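The values are calculated or read from the model by the stated rules, or taken from the named source; none is laboratory data. Treat the numbers as computed from the prediction; the structure is a model and nothing was measured. Please note: Cβ atoms are built from the backbone with ideal geometry, for glycine as well, and neighbour counts cover all protein chains shown. For accessibility, only protein heavy atoms count, side chains too; no ligands or nucleic acids. Shrake-Rupley method; radii C 1.70, N 1.55, O 1.52, S 1.80 Å.
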Amino acid sequence: MADGRSGSEYPDTLQGFGYGFNKDGKLRKLHPDTNELGEEGFEFNVANDQEKNQRHYEALGEVITKYVYELLETEGQLLRLEVPVSDDKVKSSDGDKNIKSFIFVSKDALSNPDRLLILIHGSGVVRAGQWARSLIINDSLKTGSQLPYIHRARELGYGIMVLNTNDNSRTIEGRHYKIKNSEDPHKHAQYVWEHYIKKAKARHLAIVAHSYGGSVVMELIKQFFDEFRKRVVAVAFTDSTHFMSRPNSKMMYYLQKVARNWVSSSAPLDTDEETSSKDVPRVSAGTPVHELTSSSCLASAFAFLEERLAEADTADIETATEALDVDLPAWRRALARLLRR
């Protein structure tokens with residue numbers, strides 16, 4: 001299994017569990033005789049023992065995680081980068097265990113000179129590429145995975161980086177090992193910032209963070225504020241938990257300018273929601289279901305990111321113009337006259 005928690009009593013492939021995904025990204029049972037996908041979805045109750053049913057569900061979830069990793073590499077055309085990047089090893093009485101986590105990036109994630117999008121999932125069992133495992137199993141990859149965000153980001157010219165903040169340990173030969181520099185979500189994100197994001201050539205960074213991913217973002221802001229505010233021009237939270245016990249006025253002013261939180265609500269998408277003076281603007285995600293907020297607000301979130309990036313580009317032009325002491329309107333008029341000759 002992906003991390004050894006599920007044991008060897010369960011299959012390690014979707015087919016072994018009797019499932020597959022159809023062309024619409026929905027999990028469906030395989031016909032036992034033909035091995036072809038049918039119309040029947042996931043069945044939780046496979047035994048009279050509820051504990052066994054839960055273990056079966058969790059084991060399937062581990063296989064789903066591996067499957068989504070594969071989709072990130074094939075359909076998403078992303079590459080794995082190790083965390084940590086060094087040869088640091090965890091020592092045990094059984095010898096050295098060189099254990100690592102990883103993130104996923106597009107080929108141009110570090111070289112794209114313009115823009116980089118960073119995706120951060122929430123807490124719990126989800127891993128890189130997932131917003132909600134329960135949705136992947138019970139609804140579809142379109143709502144539960146990050147693939148729609150990855151596809152849209154690529155269409156808009158972003159470099160892409162997918163964090164894996166919950167991948168914190170491995171079980172090897174019955175022993176539990178923490179992954180160095182990825183022991184918890186905050187350490188994972190901080191390590192990725194220092195060793196990958198800092199090296200990215202993009203002028204502007206944008207972040208989409210779901211649920212506890214908001215807390216991860218807040219910790220990044222506190223740890224790297226000066227660099228963060230210079231480079232991150234847009235943050236789209238989706239039903240985020242980003243509480244700051246003692247908000248720094250500079251941090252809050254910055255966040256309120258660059259961030260928006262799409263929250264679970266029965267109100268129509270983008271309807272303004274009540275917002276504290278110590279929070280970022282809150283709008284409806286167009287769904288009352290927490291797990292669905294990311295997929296529900298995708299179009300609005302990208303519209304917001306694009307708006308913020310356009311503003312940042314304009315600010316860059318104005319700054320460059322001032323530095324060169326150029327009268328931009330006059331320059332444009334002169335260029336127009338030259339082009340008419």
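Data overview
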quantity: Which listed residue, of THR74, THR65, is within 27 Å of LYS100 (Cβ to Cβ) and surrounded by fewer than 19 Cβ atoms within 10 Å (Cβ to Cβ); calculated: THR74
quantity: Hits in region 291-300 - residues which are within 16 Å of HIS121 (Cβ to Cβ) and either open to solvent by 60 Å² or more (accessible area, probe 1.4 Å) or under 13 Å from the mean Cα position of the chain (by Cα) (or both); calculated: GLU291, SER294, SER295, LEU298
quantity: Some residue of region 217-229 being part of a strand (DSSP E or B) and either open to solvent by less than 70 Å² (accessible area, probe 1.4 Å) or in contact (Cβ under 8 Å) with a residue 24 or more places away in the chain (or both); calculated: no
quantity: Among the candidates THR287, THR275, THR238, residue that is at pLDDT 75 or above and in contact with a Lys or Arg (Cβ under 6 Å, 6 or more places away or on another chain); calculated: THR275
quantity: Filter result for LYS180 (modelled with pLDDT of 95 or more and basic (Lys, Arg)); calculated: no
quantity: Total residues in region 230-242, condition under 16 Å from the mean Cα position of the chain (by Cα) and outside any strand (DSSP E or B); calculated: 4
quantity: Tally of residues being under 12 Å from THR238 (Cβ atoms) and part of a loop (DSSP other than H, G, I, E, B) across region 281-295; calculated: 4
quantity: Which numbered condition ALA47 misses (of (1) open to solvent by less than 70 Å² (accessible area, probe 1.4 Å); (2) under 27 Å from the mean Cα position of the chain (by Cα); (3) over 27 Å from ILE197 (Cβ atoms)); calculated: (2)
